[in-house]
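Working notes, structure below.
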Amino acid sequence: MPELAFLTYCSRSGSTKLATMIDTSGADIIVVPEFRSSMLAFRFGADHRLSHQELAKLTRSDAQLRTSLRLEEPAIDRVIAASVAAPPSSYVRNVVHEYLAGDQAKVVLVKSGQMIHHAKSAIDQDASIRCIFLVRDPRAVVRSLLTTKIPGHPLGATFGLGSPFYSARLWRERLRGYVTASTAHPTQVRLVRYEALDEPSTVDDVLQFLGVDGTERVDRRTGFNVADNEAAIHQRVDRPFDPLVNEQWRVELAPRTVRWIESMLFHEMRALDYPSTGDVPGIARRIEVGLMATLYRPRELADRLIRQALLRLAPERF
């Protein structure tokens, strides 16, 4: 069985581009598309053993197993049968085994943004697991979250739910997950910057961290693919890296929105060396940010409830 690793991130941080770069490197590694149940399995806790009923609900409700991994019903049945009373990491390995369909690799890298919240418990349970966390300038992430529409959403909602505060909180929550995991397991969690994706050494460093020889080329059948319903939001994946894209927030975000983001994430941005456009936020600005975040809250909650309802009504689409 290949070694297991996770590529974690905040949405709109360039994870699909990094996954594609690793996949096309020709090294002895297979990048597995995201499937939601990989994260949900760990939400039960690392010490929990999943029952048949839990596994069936968890697995059959995950449309990404069919759309992204393209597993058929017999393969899904085998995953459920093989994972009863097994720890979450075994469930993920069983899904990967079916996805590989006999293909071989030294390492499989599972793309999963929310997995960073469970990375510490996953490594506590299985010390061989490694995690990569991809980080990007939060202002660029917020801009992309606010302007990128959720594929197939009938109301045209964006990933940021129309709220710069929700978008900034999402970025901060993922970063905190990384800090928790890397503090507990500093040698098994690695930070990679979006801004460094244009450097040739970035992929080599990732491969070295995962224990893969970057100079060895391997032919294999399984390759990373983007789900058909998400192709429109990943149009830049195959294009050369353009650093100017990361600076579009300077034009597209209102100055006040930039100030709000920098006030909310001041300490995190400073720790990651993302320079602020203004001074250290004072008490007045912090009060303003707190007030505006509260005013945006009803809209965020309404959009999230609508999305949850759509997930229940048509899980194969959302």
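Quick note: the coordinates plus some simple rules give every number you see, no bench work behind them. Owing to the predicted nature of the structure, the values given are computational and were not obtained by experimental measurement. Please note: Cβ atoms are built from the backbone with ideal geometry, for glycine as well, and neighbour counts cover all protein chains shown.
What the table shows:
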| quantity | calculated |
| --- | --- |
| Tilt relative to the chain, helix 283-313 - C-alpha long axis, 0 to 90 degrees, to 10 | 40 |
| Cα centroid of the range 1-78 to Cα centroid of the range 168-189, whole Å | 20 |
| Per-residue HN-Hα couplings for the range 132-140 [Karplus 6.51, -1.76, 1.60; θ = phi - 60°; Hz; x = Gly/Pro] | 10, 10, 9, 10, 9, 3, x, 5, 5 |
| For the chain, built as a Gaussian network whose Cα springs stay under 10 Å, the top-fluctuating residue of ALA105, ALA56, ALA127 | ALA127 |
| Normalised contact order of the chain, rounded percent, pairs of Cα under 8 Å and 6 or more residues apart | 26 |
| Estimated FRET transfer efficiency (ARG297, GLU216; beta-carbon r; R0 41 Å; 0.05) | 0.20 |
| Dipole of the range 1-145, positive end: most advanced residue of GLN53, ALA75, PRO138 [Cβ charges, Cα centre] | PRO138 |
| Using a Förster distance of 22 Å, the FRET efficiency for THR183-ARG43 (Cβ separation, nearest 0.05) | 0.60 |
| Proximal charge balance of MET115 [Cβ under 15 Å; K/R count +1, D/E count -1] | +4 |
| Gyration tensor (alpha-carbon) shape descriptor, the range 117-189, a/c threshold 1.5 | prolate |
| GluC sites (Glu not before Pro) within the range 163-265: DSSP coil, no more than 10 neighbouring Cβ in 10 Å | none |
| Partner lysines for LYS120 [C-alpha distance under 22 Å; skip if fewer than 8 residues away on the same chain] | LYS111 |
| C-alpha long axis of helix 255-264 to longest principal axis of the chain, angle in ° | 60 |
| Charge tally in the Cβ shell below 15 Å around GLU98, where Lys, Arg are +1 and Asp, Glu are -1, GLU98 excluded | +1 |
| Linear extension gain, HIS52 paired with ARG256, 0.36 nm per residue minus alpha-carbon span | 68.3 nm |
